[in-house]
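Chemist: One structure, pasted below without further comment.
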Amino acid sequence: MSPENNIVELRGLRKAFGKKVILDGLDLDVPRGESTVIIGGSGTGKSVLLKHMIGLLRPDAGSVKVDGVELSTLDNRELTRFRSRFGMAFQEGALFDSMTVAKNVAFPLVRLGLGSEKERAKRVEECLALVRLEDAGAKLPSQLSGGMRRRVGFARAIAHRPEVLLFDEPTTGLDPVTKDVIDELIVELKETLGATVVTITHDMESVFKIADWIGMLHGGVIVARAAPGEFRSLTDPRVREFLGRTVGAHQTH
């Protein structure tokens, strides 16, 4: 795949906390307009990888390029502006409990100084409609189910029209029906918004529904990267072991 098709390029990425090495010379390409899913066991560094993509963490070695721009060359002001190209939905929604759903969704618009109050209100309505929560604007997060809170988190992540959407374990702890809704929504948002999507998860059921590309993080590096159909048939023992608990179910489909 040619470099101009990649919106994010990670090369030789290394990160350690004290003596614990998390990323150890990792390479990864994220193709523009496609859905890349990073899998791996708990504690393998998936969240650390995501934080490097948006400059929340600086690597000890290696490079992070977004649209050809090396993040280490940006000063704090440039980095803040750069981050507005990303929308991030956190694991539990990470909503402000004291704000209504509408104010939560409007938060990035207010923070970035985008639009008039009227324009922001209109954008909030559009985003809530995209996540099928049109009537939830006046509610508080505490009045919503876990799945609805995740969807509000999605609406907030897309409010400022980012180019890249990052999802951190979006289906963890949800029941199967709600998981399906979340998976469908991720695919819809990618297609509707034309966004690039990066998701980290260990939920293999979701992976095969939402991914154009799957990368497996193991031992601080990406040990395998392939399209879903090809990924299922990889013979790498680390991949086989990770797929073990779900591969039988997928083969029956």
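Chemist: Quick one: would you say D203 is modelled with pLDDT of 90 or more and at negative phi?
Modeler: Judged against the criteria, D203 is not a match.
Chemist: Test each condition in (1) out of contact with any His (no Cβ under 9 Å at 6 or more places or on another chain); (2) over 30 Å from G220 (Cα atoms); (3) at pLDDT below 95; (4) not in a helix (DSSP H, G or I) for L114 and report the one that comes out false.
Modeler: (1) is the only condition that L114 fails.
Chemist: Now, a different point. Please indicate, with yes or no, whether at least one residue in segment 63-74 is assigned to a loop (DSSP other than H, G, I, E, B), within 30 Å of H202 (Cα to Cα) and modelled with pLDDT under 95.
Modeler: Within segment 63-74 (the criterion being assigned to a loop (DSSP other than H, G, I, E, B), within 30 Å of H202 (Cα to Cα) and modelled with pLDDT under 95), the answer is yes, since at least one residue qualifies.
Chemist: Here's something else I'd like to know. Do any residues in segment 103-120 that are closer than 22 Å to P141 by Cβ have Cβ atoms under 9 Å from those of residues that are surrounded by 11 or more Cβ atoms within 10 Å (Cβ to Cβ) and aromatic (F, W, Y), where the two are at least six apart or on different chains, and which pairs are they?
Modeler: Hits for this filter: K103/F96; N104/F96; F107/F96.
Chemist: Also, quick follow-up: Tell me which residues, restricted to segment 145-154, are without any contact (Cβ under 8 Å) to a residue 60 or more places away in the chain and under 17 Å from T199 (Cβ atoms).
Modeler: G147, R151
Chemist: Here is a further query. Identify, by number, the condition in (1) within 27 Å of L26 (Cα to Cα); (2) touching a helix residue (DSSP H, G or I) at 6+ places or on another chain (Cβ under 8 Å); (3) not hydroxyl-bearing (S, T, Y) that L189 doesn't meet.
Modeler: (1)
Chemist: Do you know which of the residues in segment 107-136 that are among the β-branched types (V, I, T) and more than 9 Å from A159 (Cβ to Cβ) is surrounded by the fewest Cβ atoms within 10 Å (Cβ to Cβ)?
Modeler: Looking at the filtered set, the residue picked out is V110.
Chemist: Moving on to the next point. When segment 56-77 is examined, which residues are found to be in contact with a strand residue (DSSP E or B) (Cβ under 9 Å, 6 or more places away or on another chain) and at negative phi? Spell out the reasoning first.
Modeler: Here is the first cut: in segment 56-77, the ones in contact with a strand residue (DSSP E or B) (Cβ under 9 Å, 6 or more places away or on another chain) are 57-68, 70-72.
Matches in segment 56-77: L57, R58, P59, D60, A61, S63, V64, K65, V66, E70, L71, S72.
Chemist: Another one. Does G55 satisfy the condition of being in contact with a helix residue (DSSP H, G or I) (Cβ under 6 Å, 6 or more places away or on another chain), buried (at least 16 other Cβ atoms within 10 Å of the Cβ) and either in a strand (DSSP E or B) or aliphatic (A, V, I, L, M) (or both)? Reasoning before the result, please.
Modeler: Details: in contact with a helix residue (DSSP H, G or I) (Cβ under 6 Å, 6 or more places away or on another chain): yes; buried (at least 16 other Cβ atoms within 10 Å of the Cβ): yes; either in a strand (DSSP E or B) or aliphatic (A, V, I, L, M) (or both): no.
Spelling it out, it is not the case that G55 is in contact with a helix residue (DSSP H, G or I) (Cβ under 6 Å, 6 or more places away or on another chain), buried (at least 16 other Cβ atoms within 10 Å of the Cβ) and either in a strand (DSSP E or B) or aliphatic (A, V, I, L, M) (or both).
Chemist: Another question, if that's okay. Among the residues of segment 20-34, is there at least one that is outside any strand (DSSP E or B) and crowded, with 18+ Cβ neighbours inside 10 Å?
Modeler: Yes, segment 20-34 contains at least one residue that is outside any strand (DSSP E or B) and crowded, with 18+ Cβ neighbours inside 10 Å.
The values are calculated or read from the model by the stated rules, or taken from the named source; none is laboratory data. As the structure is a prediction and not an experimental result, all values here were calculated from the model. A quick note on method: Cβ atoms are made from the backbone with ideal geometry, for glycine too, and the neighbour counts reach across all protein chains shown.
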